[in-house]
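**Q** Take a look at the following structure, please.
The values are calculated or read from the model by the stated rules, or taken from the named source; none is laboratory data. All values reported here derive from a predicted model rather than from experimental measurement. Heads up, the Cβs are rebuilt from the backbone with ideal geometry, glycines too, and the neighbour counts pull from every protein chain shown.
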Amino acid sequence: MAFHEVGHATGHGRRLARNLKAWFGDATYAAEELVAELCSVFVMAELGLAHEPKHNAQEYLAHWLRILRADAKALMTAAAKASAAAEFILEPGLSRRRWQPAGDESRRAGGRGWW
């Protein structure tokens, strides 16, 4: 659970600059939750720790399925953003310039503006 929350923290505007202005139930919120959960899985796998799904995973799955069905690129976009978040957590010494989004490109990723 802690790495899930740290995954959210990587989305801050001075870190990886994901869209964190969303409400529970909307697609942007679901996309960010999917990124954070995948980030948690990636970090824990890298550290050799077992991943425990969130206690309310079924609720989140329903939201994730909506975005996955609506956008063929959603899973790959979420996985790419989660991978960048995991690297940000695991490699804190890397230059921040590597992680800064290029122009408006980060907003276009995924095609639906959820990211």
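**Q** Which condition breaks for ALA86 when tested against (1) part of a helix (DSSP H, G or I); (2) touching a helix residue (DSSP H, G or I) at 6+ places or on another chain (Cβ under 9 Å); (3) modelled with pLDDT under 60?
**A** With respect to (1) part of a helix (DSSP H, G or I); (2) touching a helix residue (DSSP H, G or I) at 6+ places or on another chain (Cβ under 9 Å); (3) modelled with pLDDT under 60, ALA86 is out only on (3).
**Q** Same structure, new question: Across the range 48-74, what is the total count of residues that are free of Cβ contacts under 8 Å to residues at least 40 places away in the same chain, part of a helix (DSSP H, G or I) and either out of contact with any Lys or Arg (no Cβ under 8 Å at 6 or more places or on another chain) or among the aliphatic types (A, V, I, L, M) (or both)?
**A** Start the filter on the range 48-74 by keeping residues that are free of Cβ contacts under 8 Å to residues at least 40 places away in the same chain, which leaves 48-51, 53, 55-66, 68-69, 72-73.
With part of a helix (DSSP H, G or I) added as a condition, the list becomes 57-66, 68-69.
If we keep only those that are either out of contact with any Lys or Arg (no Cβ under 8 Å at 6 or more places or on another chain) or among the aliphatic types (A, V, I, L, M) (or both) too, we end up with 57-59, 61-66, 68-69.
The number of residues fulfilling the criteria is 11.
**Q** Give the residue that is nearest to the chain's Cα centre (by Cα), with candidates limited to residues of the range 49-83 that are within 13 Å of PHE3 (Cβ to Cβ) and modelled with pLDDT of 90 or more.
**A** Checking each candidate, the answer is ALA82.
**Q** Is it the case that some residue within the range 49-62 is of a type outside the set (S, T, N, Q) and crowded, with 19+ Cβ neighbours inside 10 Å?
**A** The first filter runs over the range 49-62 and keeps only residues of a type outside the set (S, T, N, Q), leaving 49-55, 57, 59-62.
After this cut, where a residue has to be crowded, with 19+ Cβ neighbours inside 10 Å as well, the list is none.
So far as the range 49-62 goes, no, none of its residues is of a type outside the set (S, T, N, Q) and crowded, with 19+ Cβ neighbours inside 10 Å.
**Q** Taking the condition modelled with pLDDT under 90 and either more than 14 Å from TRP64 (Cα to Cα) or buried (at least 16 other Cβ atoms within 10 Å of the Cβ) (or both), does ALA36 pass? Even if it seems obvious, please write down each step before you answer.
**A** Values: modelled with pLDDT under 90: no; either more than 14 Å from TRP64 (Cα to Cα) or buried (at least 16 other Cβ atoms within 10 Å of the Cβ) (or both): yes.
No, not satisfied.
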